[in-house]
Structure formats: C-alpha cells, structure tokens
Amino acid sequence: MRARQYGGQVQSANLATLQAREDSVQARAARLPSVNAFNQFIYTEGDRTPSGVFVANDGVHVYNEQAIVHEELLSLIRHGEVNRALATEAIAKARVEVAARGLNLTVIQDYYAIVVAHRKDTNSQTSVREAEAFLDITQKLEKGGEVAHSDVLRAQIDLQQRRRDLQEAQLGVEKAKIALGVLIFPNFSSSFSVVDDLQQLAPPTPMAEAENLAVASSPDLSAARASIGAAGYDISVARYGYLPSFGLDFFYGIDANQFAVRTEHPAADPRLSYRQNLGYVAQATLNIPVWNWGATHSKIKQAELRRDQAQLDLTLAQRTLQSNVAAVHAEAEVAQAQLDSLRCSVDLALESLRLTLLRYQAGESTALEVVDSQNTVNLARNAYDDGLGRYRVALANLQILTGTLP
C-alpha cells in the first residue's frame, strides 16, 4: 500500500484515469444546452447617415449585450462521444491496475532481496566464526608441532577473506534496503526492518486454475477489450460526418444603437415615442454535408484500422498472458522442487566439514581441504537461501498474474 501511495508509475496512471474521467464529463456536457454571455460594441465611421459608413452596422454605435442559448438537437440521440470517453476511462483504470501489479512485483522482489541479504549476512558471520575456530585449531596444532606454519597462514588468509565477505554481505543488505526504501517512503529512508517469512512455503496454484484466474482478472486483457470498444465508438463518431446537424439558438438582450433598455425619441404618434431595445430572437440551423473530398470516408477507414489493431493487441495480450503464466508456474514448481535438494546439500556440506576437521586434527587431511569444505558450506547455505527467495518471488509473481495476491 505504501508503494502504491508513493510509486510514480501508479500515481501517473491514477492521474491519467482522472483526466479520462474529465473527458467523460466533457462529452456528456457537450450534449446539453450551453449558455454564453455575448458582449460587443461596434463603432462605425459617420458619414451623416443614420447607419454610418457601413450600412450593415445599422448605426454609428451598435451595442450587443445578449445571453445566447445553443443546443445541437441531434446530439441527444448520438451516444458515440460519451461511450468512447467511458471506454477510454475504463482503459485508464485498467492501466492503473497494470501499474500497481508491476509495482507489487518490484516491491516483493526488493523485499525478499533484503531477507535473503540478511540471511547471507548471517551466513557470513557464521563463516567468520568457523574460520576463527579453524585458525585457533591450526595455531594450537602448530604449537604442538603437529602442523606446519603454512597451515596457520592458510587459515589466516581464509579468515581475512571471510571478513571481506561479511563486509560485502552487509553492503548487500544496505543496498537492498535502499532499493525498497525509495519505493515505500515519500522521503528516502533505509531505516526499517523486514520480517523473514521465507520458510512459510505454500504450494503454487494448479496450472489449469491459474490460467482461468489469470484470464478472469488480467488488467491487460481488460484494457485491450476496452480499447476495442473505444475503437468501435471511434467508427460511430466518424460516421456522424455523413449526418446533418440541427442547431437551435436563442438570443435575449440588447442589439441597439444605444446601450439602454429602450430609446426615447419624439414622434408625432405617441405610440412611437420610444423604441424597445430589450428583446429576443430564435434561429434554427440545419447543416447537411454534401462533399468534403472523401475526408469522412477516410476518418471511418482510419477508425476501422484502429479497431483492427486493437483486436490484434487483444490476441497478443492473451498469448502473452498464457505464456507468462506457464513460465512463472514452471519457475515456481522447479524452485519448490529444488528446495529439498538444497537443504540436503547444506546438511551434507556441514557433515563433510565436521569430518574434514576431525581428519585434519587427526593428521589425515590438509588445511586446504578444510578451507574448501568451509567454502562449500557457505556456498550451500547461500544457495539454499537464494532458492527460498526464488520460490517466494515466483509464487508471488504467480499470485499477481492470477489476481490472488493477499
């Protein structure tokens, strides 16, 4: 949850969803009547006539202060724009889930990288203690004249290498925590701890069930299907270019030579003593498309090509999902199957080291054999921990693909 809150990819996907939602709002609003306030003043050069130089202006001074209501009637029965915006919003929502799942996998990988690094740090500490114990044995045997000084030197060299390995292991822990800290904190921090749950091993979901769950919950497939829907609505919107448009406009306000509700002027007839400036006018406009050099046909063809591309993308997404599920499932099965072997290798390496030390103390083996046994034990321990981490990551990846991650 912390990574979703601070992850840049998820935040970007959420912002894209909010933008797509505003497109839906705008598409719905475009179907409803709009109201605008029109304000205009026109000054025309006078020429001693009532209208001035430009007859169409109807006067030297023309004031326009009007409220305009406009409605495109046929838009009420056209739903293509709204449906397209809704489909685009669905695509954006699916991409949020895609980004979230990708972030989940990254966080899990970084988390278990820390756990495994801690285990390797512990293994290195154990190796240092084993090397110190072997150095103590060689020094005591040298004092008793049972081994040469070269064995002591060999043990010292091995101990120094173990200590360097310990420093590298500690560095590995710090680097792994840095990688995760960047994702889960608003301000970088590596001051946190993790819980070692590598031993909590659950079996992977059966292959057939995993495929069904993945298909049912895949955000990639959801986005691809929504893209096909959006492309279909693109075709509908493009076809609107063949249809007429029918608009209604209603104007209410002032269009007069004086900025006043009415104009007073003397007249012989009392009924004409003033002119009413405030009033209304309505107009209906029918536009019928006749010829545009094939532009509408081109837009329809273009939209159909986008739909074909979306269908191709869906097919590719389905195949990719199936291959990913199969690969991750195989990874989890192999990693799980190897754990017993890796655990057995640790036990065998420890027993070999014990026997080699006994043989060395009895003068039947060399220091080089002991050091080699110590190396084998350390490698076996690290390999077992890597195997645990590999299985947990593979299992988590499978759960992400199937939508069953807790």
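Here are some notes:
Here's the yes/no breakdown for (1) under 27 Å from the mean Cα position of the chain (by Cα); (2) charged (D, E, K, R):
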{"site": "Asn292", "(1), (2)": "no, no"}
{"site": "Lys301", "(1), (2)": "no, yes"}
{"site": "Asp313", "(1), (2)": "yes, yes"}
{"site": "Thr320", "(1), (2)": "yes, no"}
{"site": "Ala332", "(1), (2)": "yes, no"}
{"site": "Cys344", "(1), (2)": "no, no"}
{"site": "Ala349", "(1), (2)": "no, no"}
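- Residue match in the stretch 249-262 (condition: charged (D, E, K, R), more than 26 Å from the chain's Cα centre (by Cα) and open to solvent by less than 30 Å² (accessible area, probe 1.4 Å)): yes
- Single unsatisfied condition, Ile300 versus (1) of a type in the set (A, V, I, L, M); (2) loosely packed, with under 12 Cβ neighbours inside 10 Å; (3) part of a helix (DSSP H, G or I): (2)
- Boolean, Ser341 is in a helix (DSSP H, G or I), in contact with a helix residue (DSSP H, G or I) (Cβ under 9 Å, 6 or more places away or on another chain), surrounded by fewer than 16 Cβ atoms within 10 Å (Cβ to Cβ) and of a type in the set (S, T, N, Q): yes
- Flag for Ala208 being over 30 Å from Ser124 (Cβ atoms), among the hydrophobic types (A, V, I, L, M, F, W, C) and free of Cβ contacts under 8 Å to residues at least 12 places away in the same chain: yes
- Test: Ile68 is surrounded by 18 or more Cβ atoms within 10 Å (Cβ to Cβ), of a type in the set (Val, Ile, Thr) and either touching a strand residue (DSSP E or B) at 6+ places or on another chain (Cβ under 7 Å) or over 25 Å from Gln19 (Cβ atoms) (or both): no
- Consider the stretch 322-337 and keep the residues that are surrounded by fewer than 18 Cβ atoms within 10 Å (Cβ to Cβ) and in contact (Cβ under 8 Å) with a residue 24 or more places away in the chain. The one that is farthest from Ala87 (Cα to Cα) is Glu333.
- Qualifying residue in the stretch 68-76 (condition: under 40 Å from the mean Cα position of the chain (by Cα) and in a strand (DSSP E or B)): yes
- Residue that is farthest from Arg28 (Cα to Cα), among those in the stretch 65-78 that are in contact with a Phe, Trp or Tyr (Cβ under 9 Å, 6 or more places away or on another chain) and aliphatic (A, V, I, L, M): Ala67
- Filtered residue count, the stretch 79-122, keeping only those that are closer than 30 Å to Arg28 by Cα and touching a helix residue (DSSP H, G or I) at 6+ places or on another chain (Cβ under 6 Å): 21
- So Ile137, is it among the hydrophobic types (A, V, I, L, M, F, W, C) and modelled with pLDDT of 85 or more: yes
- Qualifying residue in the stretch 363-380 (condition: in contact (Cβ under 8 Å) with a residue 24 or more places away in the chain, open to solvent by 70 Å² or more (accessible area, probe 1.4 Å) and of a type in the set (D, E, K, R)): no
- Residue within the stretch 179-198 that is over 21 Å from Gly387 (Cα atoms), hydroxyl-bearing (Ser, Thr, Tyr) and touching a Ser or Thr at 6+ places or on another chain (Cβ under 8 Å) present: no
- Pair list, Cβ under 9 Å, 6 or more apart: the stretch 274-285 residue at negative phi, other residue open to solvent by 90 Å² or more (accessible area, probe 1.4 Å) and of a type in the set (D, E, K, R): Tyr274/Arg262; Tyr274/Glu264; Arg275/Arg262; Arg275/Glu264; Gln276/Arg262; Asn277/Arg262; Leu278/Arg262
- Residue match in the stretch 91-114 (condition: at pLDDT below 90, more than 30 Å from Ala362 (Cβ to Cβ) and of a type in the set (Ser, Thr, Tyr)): yes
- Within the stretch 345-363, the presence of at least one residue that is under 30 Å from Val152 (Cα atoms) and assigned to a loop (DSSP other than H, G, I, E, B) is confirmed.
- Among the residues listed as Asp151, Asp165, Asp136, the single one being closer than 19 Å to Leu358 by Cα, in contact (Cβ under 8 Å) with a residue 60 or more places away in the chain and not polar (S, T, N, Q): Asp151
- Flag for Leu166 being farther than 15 Å from Val116 by Cα and not charged (D, E, K, R): no
The values are calculated or read from the model by the stated rules, or taken from the named source; none is laboratory data. Treat the numbers as computed from the prediction; the structure is a model and nothing was measured. FYI the Cβ positions are ideal-geometry reconstructions off the backbone, even for glycines, and counts take in every protein chain you see. Quick note on the areas: whole protein, heavy atoms, side chains included, nothing else; ligands and nucleic acids left out. Shrake-Rupley method; radii C 1.70, N 1.55, O 1.52, S 1.80 Å.
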